[in-house]
Amino acid sequence: MTKFKKIKVLFTSTSYPLDDKDWRGVFTAKLVEALSSDNKINLALWVPSDKLPPNAKNISTVSEADWLKRLMKQGGIAHILRTRGPFAVGTILRLLLSLRNMYRREYNYDIAHINWLQNAIPLWGSSIPAVISVLGSDFGLLKFPGMIFLLRAVINQRKCILAPNADWMIPKLKKSFGDIAEIRSISYGVDKRYFNIIRQPQKDKTCKWIAVTRLTEKKVGPLFNWGKDVFGKDNELHLFGPMQEPLSIPEWVVYHGPVSPDELWDKWFPLSSGLITLSRHDEGRPQVILEAMAAGLPVIASDMPAHRDIIKHGESGWIVSTPQDLKDAISFFNTREAVIRTGESARSWVLKNIGTWNDCAGRYITAYHDLLGRSR
């Protein structure tokens with residue numbers, strides 16, 4: 001029998017959960033767990049946490065890991081860029097220098113798997129093939145002067161697949177990089193336990209709507225303004241997520257603070273009427289929406305490409321552009337029958353088009369093989 005050669009993968013991410021209750025980078029951890037379970041992959045990670053699956057190793061130094069932890073506690077690199085603007089230059093340079101040192105130190109790998117497009121910049125001067133995940137906020141940074149030129153210089157030095165996690169990003173990526181890299185949409189997966197949730201919405205005759213988001217002005221969007229005439233006694237709005245910007249929360253909103261995936265899965269997803277997001281933030285393919293849909297929740301969402309990409313209006317959810325649209329959506333989902341029917345349609349779509357984290361890992365592993373010219 002011919003012995004196969006494992007693919008040595010160098011996986012980089014600035015966000016990764018530090019313990020079981022940490023919500024930050026939890027989707028990266030799910031992907032890492034699925035990738036590491038494949039016996040054809042030798043996985044090394046540059047992440048801020050030592051809490052890794054048995055088949056994965058952390059190659060970050062103590063000082064690198066400590067600095068990445070501090071970066072996470074400040075909200076992550078994307079949040080720092082949004083809030084500090086030009087004053088974030090020191091943090092940006094520190095990140096790029098740390099990545100540069102790591103890439104030079106850890107050179108004996110077959111593939112670099114890079115989360116967040118700009119984290120590929122320090123690969124300059126190397127030729128290692130790369131799969132680069134494009135997740136939304138990094139896509140938004142392409143509008144910065146010189147960003148496309150800089151990334152093209154790096155990408156052009158290697159075989160490369162740019163992997164947006166949503167189809168709506170493909171046209172711009174093809175226009176900017178399609179002549180030097182393959183553009184291949186690779187969707188994240190969903191924990192299979194969400195597909196097995198037994199729904200009991202509106203059990204007590206009250207419609208409980210949930211919003212799960214980092215609390216920033218753009219992520220919350222017009223929810224507080226549009227919702228004041230919609231939510232109240234019969235339609236409750238329960239808000240979950242960390243406060244990352246100083247926002248005033250109306251009295252009619254039930255604010256719970258950060259929430260763990262286990263609490264959503266065990267309590268809120270079974271009993272809620274649905275999920276609502278009026279985000280105006282640069283979104284890739286919002287993971288919490290996919291999880292809610294997999295659990296059988298209808299989703300009311302703002303009219304933007306990331307939401308239109310996954311929600312079929314009136315069938316698996318509701319797309320809203322005005323306060324009246326929001327009123328119409330809440331009215332439509334006022335019956336348990338409408339909630340159940342729409343939620344089942346949403347669940348079926350996610351099962352067919354997204355799948356589990358193992359499905360996601362399979363898509364990435366196929367990309368590794370394709371870059372290296374190997375058959376699976």
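The values are calculated or read from the model by the stated rules, or taken from the named source; none is laboratory data. Please read these numbers as outputs of a predicted model, since none were measured by experiment. Cβ coordinates were reconstructed from backbone atoms using ideal geometry, including for glycine residues, and neighbour counts include every protein chain displayed. Ligands, DNA and RNA are excluded from the accessible area calculation, which covers all protein heavy atoms including side chains. Shrake-Rupley method; radii C 1.70, N 1.55, O 1.52, S 1.80 Å.
Of everything in region 266-321, what is of a type in the set (Ser, Thr, Tyr) and in contact (Cβ under 8 Å) with a residue 40 or more places away in the chain? Give them in sequence order. Correct list: SER272, SER273, THR277, SER279, SER302. Of all residues in region 133-157, those satisfying the criterion of being without any contact (Cβ under 8 Å) to a residue 40 or more places away in the chain and touching a helix residue (DSSP H, G or I) at 6+ places or on another chain (Cβ under 7 Å) are LEU142, MET147, ILE148, LEU150, LEU151, ARG152, VAL154, ILE155.
Can you name every residue in region 184-215 that is in contact with a Pro (Cβ under 7 Å, 6 or more places away or on another chain) and open to solvent by less than 40 Å² (accessible area, probe 1.4 Å)?
Taking region 184-215 as the starting set, the residues that turn out to be in contact with a Pro (Cβ under 7 Å, 6 or more places away or on another chain) are 185, 197-200, 214-215.
Scanning region 184-215 gives SER185, ILE197, ARG199, LEU215.
I'd like the full set of residues that are assigned to a strand (DSSP E or B), surrounded by 15 or more Cβ atoms within 10 Å (Cβ to Cβ) and under 26 Å from the mean Cα position of the chain (by Cα), limited to region 217-247. First the steps, then the outcome.
Going through region 217-247, the residues assigned to a strand (DSSP E or B) turn out to be 235-240, 243.
Narrowing the set further to residues that are surrounded by 15 or more Cβ atoms within 10 Å (Cβ to Cβ) leaves 235-240.
If the condition is that a residue be assigned to a strand (DSSP E or B), surrounded by 15 or more Cβ atoms within 10 Å (Cβ to Cβ) and under 26 Å from the mean Cα position of the chain (by Cα), then LEU237, HIS238, LEU239, PHE240 are the ones that fit.
Here is the figure for region 127-185: residues that are touching a Gly at 6+ places or on another chain (Cβ under 9 Å), over 18 Å from TYR364 (Cβ atoms) and not in a helix (DSSP H, G or I) total 1. Residues of region 187-194 include none that is free of Cβ contacts under 8 Å to residues at least 60 places away in the same chain and outside any strand (DSSP E or B). Of all residues in region 109-123, which are at pLDDT below 95, outside any helix (DSSP H, G or I) and of a type in the set (A, V, I, L, M, F, W, C)? If the condition is that a residue be at pLDDT below 95, outside any helix (DSSP H, G or I) and of a type in the set (A, V, I, L, M, F, W, C), then TRP116 is the only one that fits.
Being closer than 23 Å to PRO286 by Cα, over 22 Å from the mean Cα position of the chain (by Cα) and not β-branched (Val, Ile, Thr) is the filter here, so list the residues in region 329-344 that pass it.
Applying the first criterion (closer than 23 Å to PRO286 by Cα) to region 329-344 yields 329-330, 333, 339-344.
Right, trim to over 22 Å from the mean Cα position of the chain (by Cα) and you get 329-330, 333, 339-342, 344.
Of everything in region 329-344, those that are closer than 23 Å to PRO286 by Cα, over 22 Å from the mean Cα position of the chain (by Cα) and not β-branched (Val, Ile, Thr) turn out to be ALA329, PHE333, ARG341, GLU344.
Return yes when GLU251 is of a type outside the set (A, V, I, L, M), out of contact with any Ser or Thr (no Cβ under 7 Å at 6 or more places or on another chain) and outside any helix (DSSP H, G or I) and no when it is not. Lay out the reasoning, then the answer.
On the way: of a type outside the set (A, V, I, L, M): yes; out of contact with any Ser or Thr (no Cβ under 7 Å at 6 or more places or on another chain): yes; outside any helix (DSSP H, G or I): yes.
For GLU251, the condition - of a type outside the set (A, V, I, L, M), out of contact with any Ser or Thr (no Cβ under 7 Å at 6 or more places or on another chain) and outside any helix (DSSP H, G or I) - is met.
Those helices (runs of 4 or more DSSP H) of region 277-376 in which 1 or more residues are open to solvent by 60 Å² or more (accessible area, probe 1.4 Å) and at pLDDT 95 or above occupy 323-332, 336-353, 357-372.
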